[in-house]
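Worksheet: the structure to be examined is printed underneath.
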Amino acid sequence: MAEYVQQGLLAADLLCPHCQHKGLVNANLWQCKSCQKQYDFSIYCELCGDAVQRLTGCGSSEHYYCRTCKTPVSRKAVLYTMTEANNLS
C-alpha cells in the first residue's frame, strides 16, 4: 500500500494524492471532497520520525509535542503520512 507524505499544512489543507483537491478530517480519517477517496493519516515529527501528540488548550490549536525530542513541534514541522483506508462496504 502506497504512503503519501505532506508537510507544513493543517490536516484540513492536505491534498488528495489522487486528484489534488482538499478534503475533510474526521479523527484519523481524511476524505477527499472531490473524488471521495478516504485515507488514514498519521502525524510524525520531522526531526526524529516518531509519532507526535496533539496539544490541546488555549493557543495550541495546531501544535504538537514530540516525546522523543521532548519539545513542542509546530504544524509546519510535522509530516502527515496518508495511506488509502480499507473500506469494508
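So the values come out like this:
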quantity: Top-ranked residue in the stretch 22-50 [being among the hydrophobic types (A, V, I, L, M, F, W, C) and surrounded by 15 or more Cβ atoms within 10 Å (Cβ to Cβ); ranked as modelled with the lowest pLDDT]; calculated: 41
quantity: Residues satisfying the stated conditions in the stretch 28-61, i.e. of a type in the set (Val, Ile, Thr) and either over 23 Å from residue 16 (Cβ atoms) or in a loop (DSSP other than H, G, I, E, B) (or both); calculated: 52, 56
quantity: Considering residues of the stretch 1-27 that are part of a strand (DSSP E or B) and in contact (Cβ under 8 Å) with a residue 40 or more places away in the chain only, the residue nearest to residue 73 (Cα to Cα); calculated: 7
quantity: Selection count, the stretch 51-84, where residues are surrounded by 13 or more Cβ atoms within 10 Å (Cβ to Cβ), at pLDDT below 90 and of a type in the set (Gly, Ala, Ser); calculated: 1
quantity: Filter result for residue 7 (over 26 Å from residue 66 (Cβ atoms), polar (S, T, N, Q) and in contact with a strand residue (DSSP E or B) (Cβ under 9 Å, 6 or more places away or on another chain)); calculated: no
quantity: Per-region count, the stretch 11-21, residues within 22 Å of residue 52 (Cβ to Cβ) and either surrounded by 13 or more Cβ atoms within 10 Å (Cβ to Cβ) or of a type in the set (Val, Ile, Thr) (or both); calculated: 5
quantity: Tally of residues being among the basic types (Lys, Arg), touching an Asp or Glu at 6+ places or on another chain (Cβ under 9 Å) and closer than 19 Å to residue 86 by Cα across the stretch 12-71; calculated: 1
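The values are calculated or read from the model by the stated rules, or taken from the named source; none is laboratory data. Everything quoted here is computed from the prediction, not taken from an experiment. Using ideal geometry, Cβ is built from the backbone for each residue, glycine included, and neighbour counts are taken over all protein chains shown.
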